[in-house]
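The values are calculated or read from the model by the stated rules, or taken from the named source; none is laboratory data. All figures in this text were calculated on a predicted structure; none of them were measured in a lab. Cβ atoms come from the backbone with ideal geometry, glycine included; neighbour counts cover every protein chain shown.
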Amino acid sequence: MKQSIKERFLPLSLTAILLMVDQITKAIIVNNWPVDRFNVIAQVFNNDFLQIIHVRNPAIAFSMGTNLPEAAKPFVFIVIPILVLGFLISYYFKSNDFTQLQRWAAAGIIGGGLGNITDRIFRPDGVVDFIDVKFYGIFGWERWPTFNIADASVVVCCLLLLFTMFFAAKKTKKEEPDEQKN
């Protein structure tokens, strides 16, 4: 299924919007909240479900890689993610396999990825994280690890992309026997 130029480029508006919103919210946090200090939004909601705290993550998701040698960190935290995003962007433009919904999901992954790579390059103290939510003891965690808009975008859009690919594969398998009968 060949897609028009508009169908290929329109989802990239989500990439730009996510990158801007991510960087604007991080700038607001950096300029208004001291590191490791809570702004208790919980008082607004009368519970401790949502809190804003300014933390820096010098590694990747869930602070993985903090113990890597300093010389390896730029490669693992910047070069590899840039290569992965480069592959995704290349596949995004070259492939006709993506549905329109999958293009929007890929655009969200790209936007979130660019947001965190921007922090890794231009913020020497690490990626700015600030959203802290209660996790009610699931997996032994009382609170989910602090995250940001870019993180949320990557996770939600990855799940959406995987979900749509999984169900597209199931649908194709169900349709194959019908096609073989003809």
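Side notes on the structure shown:
- Matching entry among Asn46, Asn32 (being more than 22 Å from the chain's Cα centre (by Cα) and either under 20 Å from Ser153 (Cβ atoms) or modelled with pLDDT of 85 or more (or both)): Asn32
- Test: residue in segment 29-36 that is of a type in the set (S, T, N, Q), free of Cβ contacts under 8 Å to residues at least 12 places away in the same chain and either touching a His at 6+ places or on another chain (Cβ under 9 Å) or over 16 Å from Thr118 (Cβ atoms) (or both): yes
- Test result for Val128, surrounded by fewer than 16 Cβ atoms within 10 Å (Cβ to Cβ) and assigned to a strand (DSSP E or B): no
- Just so you know, in segment 146-169 the residues that are among the β-branched types (Val, Ile, Thr) and crowded, with 20+ Cβ neighbours inside 10 Å include one that is nearest to Arg37 (Cα to Cα), and it is Thr146.
- Residue match in segment 125-140 (condition: within 16 Å of Ser63 (Cα to Cα) and either polar (S, T, N, Q) or without any contact (Cβ under 8 Å) to a residue 12 or more places away in the chain (or both)): no
- Whichever residue in segment 73-119 is modelled with pLDDT under 95 and charged (D, E, K, R) and, among such residues, is surrounded by the fewest Cβ atoms within 10 Å (Cβ to Cβ): Lys94
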